[in-house]
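Visitor: First the structure, then my questions, so here it is.
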Amino acid sequence: MNLPKSLLITGGRVLDPANGLDAAADLLILEGKIAAVGPGAAQLAPPRTASFAADGKVVCPGLIDLHAHLREPGQTAKETIATGTAAAARGGFASVVCMPNTSPAIDNASTVALIREKAEREGKVNVFVTGAISKNIAGEELASIGSLKQAGVIAITDDGHCVQNHELMRRAMEYAMMFDLPVMDHCEDASLVTDGVANEGYWSAVLGLRGWPASGEELIVARNILLAELTGARVHCQHLSAAGSVQLLREARGRGLPVSGEACPHHFTLTDTVLAGSEPFWSSDGKDLFSAGADERPRWPSYDTNFKMNPPVRTAADRAAIIDGLADGTLEIICSDHAPHCGYEKEVEFDYAPFGIIGFETELALSLMQLYHTRRLSLLDLISKFTVAPARLLRLPQKGNFSVGADGDATVFDPDEEWVFDVAASASKSRNSPFSGWRLKGRAKAVIVCGGVVFGGEPAEERAACSVAQ
């Protein structure tokens, strides 16, 4: 990235949840920093400042994806920092937070340095690095948390695995407090989940799939709440999928405990009926087209491994609870859990396929469809879950807002554009998405990082959009 740059964004509807702003305004970025927001911003632009026309579009602080797997180092057949951040930019994200379950795991300062150097050289967007809680993400011995902090990690997690030893998790929280790091946890009780591959319930029984019970998530959420109360550490529960988890978190937050949670679009869009190839399609206005009598609905083959994720998609009641949690603020953050895999890995029996789907390029549209176009959240409240909320959790005051002096990151999107997602055209190296062929509503049009346009259509269109103001 050739940063910083100066840019004047004109004609857009500016949304800034951090400052409660929702108005037609111009946005001026000078030398990579926010310089002015408002009708008079254009008058403050120095001569020959590049301009970007956002007429009729929404302009908001650069979106942040709190939870993504970039697979580098060690798994570059699935994804690289270059391809992963390109997919993130297409999805509207100016910043991504990469998980530490790489090969080798990000459990030491040298691996952190490697990723940060590669991200600076090859990344299309900002890349923030998390460090492992335990050495090699084995859950047996604490990683050097102080060294990881000094190397630049912004959180610790064993994502992809869950620390089963409660004593180890307690000590991790105590160390994290010393270094002001949030602890993010993949909530999965291994003794209950064992080798489960699908939500334990009607469809797992009918299809003969080993069950992954919701209580396997809820037990660890409860554990994390108790340890947060004991230690005072900031604890963030990742990719919640179960109604009971939302209720536990709601009660804990009501008592003022420093706990938070996130939701992924697949968990508030799909249910486990997709495993049988019979999921009603939810339209952009929130109506269930199948039950409404529509003649057409999407069909998938049974046991489609593109619907295999961890935690699994669950029941309609769980989906409704996740949406309720997002609507009432219990779940403050939306993220993708972007998890690319090679095609041959997914093209096996359901039991043997790896968990995970790619999600950067569909995340914004699915969130708009399920939360904004259904009137469960205002656009300002929805955007806060991609901007100010993750920035606050990660202690990144320069991100997620348009305050003067903040980093000049911005996302331009059209909340009403309808389009069809074609996974074959994805910027990711992998193709494991369950949403290919879906008609979506809402699309990113441009991403600006520190004043530089890193995505804005085809290269020729980008050159046309960024003109030099006289």
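The values are calculated or read from the model by the stated rules, or taken from the named source; none is laboratory data. None of the values given here were measured: they were computed from a predicted structure. Positions of Cβ are generated from backbone atoms using ideal geometry, with glycine treated the same way; all protein chains shown enter the neighbour counts.
Visitor: Which of the residues belonging to the stretch 23-41 are surrounded by fewer than 20 Cβ atoms within 10 Å (Cβ to Cβ) and free of Cβ contacts under 8 Å to residues at least 60 places away in the same chain?
Guide: Ala23, Ala24, Gly38, Pro39, Gly40
Visitor: Let me ask something additional. Quick check on this structure: which one of Thr374, Thr362 is hydroxyl-bearing (Ser, Thr, Tyr), over 18 Å from Gln238 (Cβ atoms) and surrounded by 23 or more Cβ atoms within 10 Å (Cβ to Cβ)?
Guide: Thr362 is the lone residue from the list that is hydroxyl-bearing (Ser, Thr, Tyr), over 18 Å from Gln238 (Cβ atoms) and surrounded by 23 or more Cβ atoms within 10 Å (Cβ to Cβ).
Visitor: In this structure, does Lys124 turn out to be in contact with a His (Cβ under 7 Å, 6 or more places away or on another chain) and either of a type in the set (Lys, Arg) or not in a loop (DSSP other than H, G, I, E, B) (or both)?
Guide: The answer is no for Lys124.
Visitor: Just to be sure, is Val97 crowded, with 22+ Cβ neighbours inside 10 Å and within 20 Å of the chain's Cα centre (by Cα)? Break it down stepwise before answering.
Guide: Numbers: crowded, with 22+ Cβ neighbours inside 10 Å: yes; within 20 Å of the chain's Cα centre (by Cα): yes.
Here the answer is yes, as Val97 does meet what is asked.
Visitor: Also, I was wondering about something else. If you check Ala151, Ala138, which single one turns out to be within 23 Å of His239 (Cα to Cα) and not acidic (Asp, Glu)? Talk me through it step by step, then tell me what you get.
Guide: On the way: Ala151 fails: within 23 Å of His239 (Cα to Cα).
Testing whether each residue is within 23 Å of His239 (Cα to Cα) and not acidic (Asp, Glu) leaves just Ala138.
Visitor: How many residues are among the β-branched types (Val, Ile, Thr) and surrounded by fewer than 21 Cβ atoms within 10 Å (Cβ to Cβ) when one looks only at the stretch 226-270?
Guide: Residues of the stretch 226-270 that are among the β-branched types (Val, Ile, Thr), as a first pass: 231, 235, 246, 259, 269.
From what's left, surrounded by fewer than 21 Cβ atoms within 10 Å (Cβ to Cβ): 231.
Qualifying residue count, the stretch 226-270: 1.
Visitor: Something else about it: I want to confirm something. Restricting to the stretch 144-172 and keeping residues that are charged (D, E, K, R) and part of a helix (DSSP H, G or I), which single residue is nearest to Ile106 (Cα to Cα)? It would help to see each step written out before you state the result.
Guide: Going residue by residue through the stretch 144-172, those that are charged (D, E, K, R) are 149, 158-159, 167, 170-171.
Cutting the leftovers down to part of a helix (DSSP H, G or I) gives us 149, 167, 170-171.
Details: Lys149: 12, Glu167: 22, Arg170: 20, Arg171: 19 Å.
Here the answer is Lys149.
Visitor: Continuing with this model, one more query. For Ser367, indicate whether it is modelled with pLDDT of 95 or more, in contact with a Gly (Cβ under 6 Å, 6 or more places away or on another chain), surrounded by 16 or more Cβ atoms within 10 Å (Cβ to Cβ) and not acidic (Asp, Glu).
Guide: No, not satisfied.
Visitor: Which number in (1) in a loop (DSSP other than H, G, I, E, B); (2) closer than 17 Å to Thr130 by Cβ marks the one condition that Asn224 misses?
Guide: In the conditions (1) in a loop (DSSP other than H, G, I, E, B); (2) closer than 17 Å to Thr130 by Cβ, Asn224 misses (1) alone.
Visitor: Condition check: surrounded by fewer than 24 Cβ atoms within 10 Å (Cβ to Cβ) and under 30 Å from Ala176 (Cα atoms). Does Arg431 satisfy that?
Guide: no
Visitor: Do any residues in the stretch 53-77 that are under 13 Å from Ala446 (Cβ atoms) have Cβ atoms under 7 Å from those of residues that are buried (at least 24 other Cβ atoms within 10 Å of the Cβ) and of a type in the set (S, T, N, Q), where the two are at least six apart or on different chains, and which pairs are they?
Guide: Cys60/Thr387; Cys60/Thr411; Gly62/Ser95; Gly62/Thr411; Leu63/Thr387; Leu63/Thr411
Visitor: Could we say that Val153 is surrounded by 23 or more Cβ atoms within 10 Å (Cβ to Cβ), free of Cβ contacts under 8 Å to residues at least 40 places away in the same chain and of a type in the set (A, V, I, L, M) here?
Guide: Values: surrounded by 23 or more Cβ atoms within 10 Å (Cβ to Cβ): yes; free of Cβ contacts under 8 Å to residues at least 40 places away in the same chain: no; of a type in the set (A, V, I, L, M): yes.
No, not satisfied.
Visitor: So, one more: Every residue in the stretch 119-144 that is under 24 Å from the mean Cα position of the chain (by Cα) and hydrophobic (A, V, I, L, M, F, W, C), please.
Guide: Ala119, Val125, Val127, Phe128, Val129, Ala132, Ile133, Ile137, listed by residue number.
Visitor: Quick one: is Leu371 closer than 28 Å to Phe307 by Cα and either outside any loop (DSSP other than H, G, I, E, B) or of a type in the set (S, T, N, Q) (or both)?
Guide: Values: closer than 28 Å to Phe307 by Cα: yes; either outside any loop (DSSP other than H, G, I, E, B) or of a type in the set (S, T, N, Q) (or both): yes.
Taking the combined requirement at face value, the residue satisfies it.
Visitor: Now for a separate question. Need the failing condition index for Arg71 against (1) over 27 Å from the mean Cα position of the chain (by Cα); (2) assigned to a loop (DSSP other than H, G, I, E, B), just the number.
Guide: Just one mismatch for Arg71, condition (1).
Visitor: While we're on this one: Of everything in the stretch 193-215, what is crowded, with 18+ Cβ neighbours inside 10 Å, part of a helix (DSSP H, G or I) and free of Cβ contacts under 8 Å to residues at least 60 places away in the same chain? Give them in sequence order.
Guide: If the condition is that a residue be crowded, with 18+ Cβ neighbours inside 10 Å, part of a helix (DSSP H, G or I) and free of Cβ contacts under 8 Å to residues at least 60 places away in the same chain, then Val193 is the only one that fits.
Visitor: Right, another one. Condition first: in contact with a Ser or Thr (Cβ under 7 Å, 6 or more places away or on another chain) and part of a loop (DSSP other than H, G, I, E, B). Now tell me which residues in the stretch 173-185 satisfy that.
Guide: Listed by number, the list is empty, since nothing qualifies.
Visitor: Which of the following residues is crowded, with 24+ Cβ neighbours inside 10 Å and over 30 Å from Lys441 (Cα atoms): Thr130, Thr85?
Guide: Checking each option against the conditions leaves just Thr130.
Visitor: Something else about it: Report, by residue number, each residue of the stretch 426-452 that is over 21 Å from Phe307 (Cβ atoms) and more than 17 Å from the chain's Cα centre (by Cα).
Guide: Lys441, Lys445, Ala446, Ile448, Val449, Cys450, Gly451, Gly452, listed by residue number.
Visitor: Which one is surrounded by the fewest Cβ atoms within 10 Å (Cβ to Cβ) among residues in the stretch 397-417 that are over 22 Å from Ala53 (Cβ atoms) and under 16 Å from the mean Cα position of the chain (by Cα)?
Guide: Lys399
Visitor: Next question, about the same structure. Anything in the stretch 312-346 that is in a loop (DSSP other than H, G, I, E, B) and closer than 17 Å to Gln247 by Cα? List them, or say none.
Guide: Those that are in a loop (DSSP other than H, G, I, E, B) and closer than 17 Å to Gln247 by Cα: Arg314, Thr315, Gly329, Thr330, Leu331, Glu332.
Visitor: Give the residues of the stretch 9-39 that are assigned to a loop (DSSP other than H, G, I, E, B) and touching a Leu at 6+ places or on another chain (Cβ under 9 Å), sorted by residue number. Show your work before the answer.
Guide: Applying the first criterion (assigned to a loop (DSSP other than H, G, I, E, B)) to the stretch 9-39 yields 20, 31-32, 39.
Correct list: Gly20, Gly32.
Visitor: Does Gly139 satisfy the criteria of being buried (at least 21 other Cβ atoms within 10 Å of the Cβ) and farther than 24 Å from Asp65 by Cα?
Guide: On the way: buried (at least 21 other Cβ atoms within 10 Å of the Cβ): no; farther than 24 Å from Asp65 by Cα: yes.
So Gly139 does not fit the description; no.
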